[in-house]
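For reference, the structure discussed in these notes is given below.
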Amino acid sequence: MTTLVEKSATSTVKGFVEVENLSVSFRRKGQCIQVLDGIDFKVHPGEFICLLGPSGCGKSTVLNAIAGFVKPSGGHVFVDKRHVDTPGADRGFVFQQYSLLPWKTTFQNVEFGLKIRGISKTKRSEIVNDYLNRVGLYKHRHSYPHQLSGGMQQRASIIRALVNSPSVLLMDEPFAALDAQTRHMMQELLLSIWSDLKTTVIFVTHDIEEAIFLSDKIFVMGVNPGRIKAVLDAPLDRPRHVDIVLSPEAVQLNRQVFELIREETIKSMEVESL
Amino acid sequence: MSSPSSERSLNPFSLYRLQLILKHCLSFLKSRIISSFNTPLIHSKIFRRVLSLFIFFGVWQLLCMTKFNFFINFEFLPSPLEVVGATVQFFTNDPMQHIRASIVRVLTGFSIAAILGITLGILIGWFQQIEDLVFLPLELLRPIPAVAWIPLAILMFPNSEAGMIYITFIGAFFPILISTIRGVECTDLLLLRVGQCLGATQWHIFKDIVIPGALPSIASGLVIGMGNSWFCLVTAEILAGRYGVGYITWESYVTSNYPPIVMGMLMIGLMGAFSAYAVDRLTCLLMPWRVTKKQPL
């Protein structure tokens, strides 16, 4: 991981993501299925962007390609000018499913990335305790994941990715499994952490309100094959409070996005019924 | 071994007394059972488990006393009371040398099986090349029952003790091996991805994700393996010259002395159940993170 440290030292601002003409296809039952076609976008350092689209549009696949889990069949992904081909600690990932290691306590889970990088024990506990405090998990640091609520587990997953100070934080519908109240709390918490750290965030969701509330820019995706259909600015003032989604600008934006997604959902249903 | 004559002289008297005691017990239990259906006693877990044992031995005794014979014949089967007699006989004749001999054989065979099974299982589960190289021969050997190994155990090993340990080893080895392979192979892809995104090396993924993830499976392999080791004890101790619980069982069969056979069977069952329970408890200590409580529906 020395290369990562050198890179981040040379480039003063990190978190520049370039996706160039990205295509992904899978072979299934001898048939070639084009999941993504010609995805092209840039995310600037410190930006919070959402990939929004109906299910099956390949939004998670875009994220998996940036993470290095999926090999593109065409095109390239660069993070801070470095070509992505394998997963690495410069791209933190928060999964939709609860993904804490069941055999590690909250503290050990969050500490894992630092331990891998060989950070000293005192330094580690300093960093980890700081993050645990920030998300209100300090007093649960010795609990195992099964003793935590879903919201707590996702908070721990977020800071587990962040302690590595990644260039970009990739989030794949991280709050989809949570109840509505917890989800709102988590969204606010995420924004407050993000405004402190200014890490680039690419957030996948199918929830229009969530996208409007969180992001600077919304990439609306279309289906068959997956592609970027529209890029919309979400120009709401920051810091944002939950009820900002009820403001006239937000409602206007919501309506616009809703129409775009509705077209795609209808299209994907027609294909399914064929 | 007890001589048949001394047993005969002991049996009528002690059996009569035991029968009386059991009758008292049964009538007491009967009254308790009837009353307990309306009381919270039946809700007690311990009571239910003790009750299950009483019912088991009670039904058995009843079937023997009535000489039950409908397809399955209980007429010549030793009754629980006769088995108790044989057990009293056994425990008055230096029982520890038999018990110790059996425990040492089982534990040695099991320990070797645990070490080899877990090591080989991890290697086979993790490295495709190693699986390709050794898995087929092992699969070929796996279905062979312990009793079929006896002639080869005599040919291959320098003494009968090593042969017996080999047979208890065979019993434990395959369940441990297969459970370990499955445990390693079934590593959650999501957790592997978690490791990759945190920059984990192969070694860290192996040590912190694959092995702990396989532990529950390995633990159940060990519990089954421990049971199987005892399962193979009678087979193993066919090779024994003098001592062993399995040896007594086999020897009593050869001499057509039936109560000690059932006693040997029950003792093996008891020691097997106890040691499997001990293995289960010990492995649970290794996994404080696991939720083992049965979920209420």
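Rounded to the nearest 10 degrees, the angle from helix B:258-286 to the longest Cα principal axis of chain B is 30 degrees. For the stretch A:206-254, a Kirkwood hydrodynamic radius built from all Cα pairs, placed in the Stokes-Einstein relation at 20 °C and 1.002 mPa s, yields a translational diffusion coefficient of 187 µm²/s. Only helical runs count toward this figure. For chain B, summing -39,500 (n - 2.57) over DSSP H runs of n ≥ 4 and dividing by all residues gives -25000 deg cm²/dmol at 222 nm. Per residue, the convex hull around the alpha carbon atoms of the stretch B:207-295 comes to 117 Å³.
For the stretch A:67-188, a simple Cβ point-charge model (Lys and Arg +1, Asp and Glu -1, everything else neutral) yields a dipole of about 460 debye relative to the Cα centre. For chain B, excluding the exposed loop sites themselves (trypsin sites (Lys or Arg not before Pro), DSSP loop, at most 13 other Cβ atoms within 10 Å), the longest remaining stretch covers B:68-241. For the pair B:ARG182/A:THR182, report the inter-label distance in nm, with labels modelled 7 Å from Cα in the Cβ direction. Result: 3.1 nm between the two label points. Taking a straight Cα-Cα cut-off under 23 Å and skipping sequence neighbours fewer than 8 places away in the same chain, the lysines within cross-link reach of A:LYS139 are A:LYS104, A:LYS115, A:LYS121, A:LYS123.
By the rule of a C-alpha distance below 19 Å, with chain neighbours fewer than 8 residues away ignored, the aspartates and glutamates paired with A:LYS29 are A:GLU272.
GNM remark for chain B: springs join alpha carbons under 10 Å apart, and the peak mean-square fluctuation among B:LEU123, B:LEU177, B:LEU138 falls on B:LEU138. Over the stretch A:98-222, one equal point on each Cα, no solvent: what is log10 I(q)/I(0) by the Debye formula at q = 0.10, 0.15 Å⁻¹? Evaluating at q = 0.10, 0.15 Å⁻¹ gives log10 I(q)/I(0) of -0.31, -0.69. Taking every Cα-Cα distance in chain A and sorting them into 5 Å bins starting at zero, the pair-distance distribution P(r) comes out as 1, 6, 12, 16, 18, 17, 14, 9, 5, 2, 0, 0, 0 percent.
What's log10 of I(q)/I(0) for the stretch B:144-244 at q = 0.11, 0.16 Å⁻¹, Debye sum over Cα points only, no solvent? Taken in order of the listed q values, log10 I(q)/I(0) reads -0.48, -0.71. Cross-link partners of A:LYS198 among lysines, defined as those whose alpha carbon lies under 21 angstrom from its own and excluding same-chain residues fewer than eight positions apart: A:LYS7, A:LYS14, A:LYS42, A:LYS81, A:LYS217. Rg and Dmax, both from the Cα atoms of the protein assembly as shown and both in Å, are 33.4, 103. The fraction of Cα-Cα pairs per 10 angstrom bin, counted from 0 for the stretch A:42-150, comes to 12, 33, 32, 21, 2 percent, rounded to whole percents. Placing unit charges on the Cβ atoms of the charged side chains and taking the dipole of the stretch A:139-223 about its Cα centre, the candidate lying farthest along the positive direction among A:THR205, A:MET171, A:ILE158 is A:ILE158.
The residue among B:ALA214, B:ALA153, B:PHE169 whose Cα reaches farthest toward the positive pole of the charge dipole of the stretch B:141-259, with charges on the beta-carbon of Lys, Arg, Asp and Glu, is B:ALA214. Only loop residues by DSSP count here, and only those with at most 12 other Cβ atoms within 10 Å; note down the chymotrypsin sites (Phe, Trp or Tyr not before Pro) in the stretch B:88-136 that meet that. Answer by residue number: B:PHE127. If the Kirkwood radius is taken over C-alpha pairs of the stretch B:53-98, then at 10 °C and 1.306 mPa s the Stokes-Einstein diffusion coefficient equals 134 µm²/s. The Cα-based radius of gyration of chain B, divided by its Kirkwood radius, gives an Rg/Rh of 1.07. Magnitude of the charge dipole for the protein assembly as shown, about its Cα centre and with charges confined to Cβ atoms of Lys, Arg (+1) and Asp, Glu (-1), is about 1600 debye. Using 13 Å as the cut-off for backbone N distance, which residues of the stretch A:234-274 belong to the label zone defined by a point 7 Å from the Cα of A:GLN31 along Cα→Cβ? Only A:271-274 pass the distance filter. Relative contact order of the stretch B:77-168, taken over Cα pairs closer than 8 Å and 6 or more residues apart, is 31 percent. Dipole magnitude for chain A: about 1180 debye, using +1 per Lys or Arg Cβ and -1 per Asp or Glu Cβ, origin at the Cα centre.
Beta-bridge orientation, the protein assembly as shown: approximately 55 percent antiparallel, per DSSP, counting only bridges with both partners inside.
Checking every one of the trypsin sites (Lys or Arg not before Pro) in the stretch A:79-155 against DSSP loop status and a limit of 11 other Cβ atoms within 10 Å picks out A:LYS81.
The angle between the Cα long axis of helix B:4-36 and the longest principal axis of the Cα atoms of chain B comes to about 80 degrees, rounded to the nearest 10. The mean of 1/r over all distinct Cα pairs in the stretch A:35-97, once inverted, gives the Kirkwood hydrodynamic radius of 12.8 Å.
Read-outs throughout are calculated quantities, based only on the coordinates presented, and are distinct from any laboratory measurement. This structure is a prediction, so every number in the text was calculated from the model and none was measured. Cβ sites come from the backbone with ideal geometry, for glycine too, and all protein chains shown count toward neighbours.
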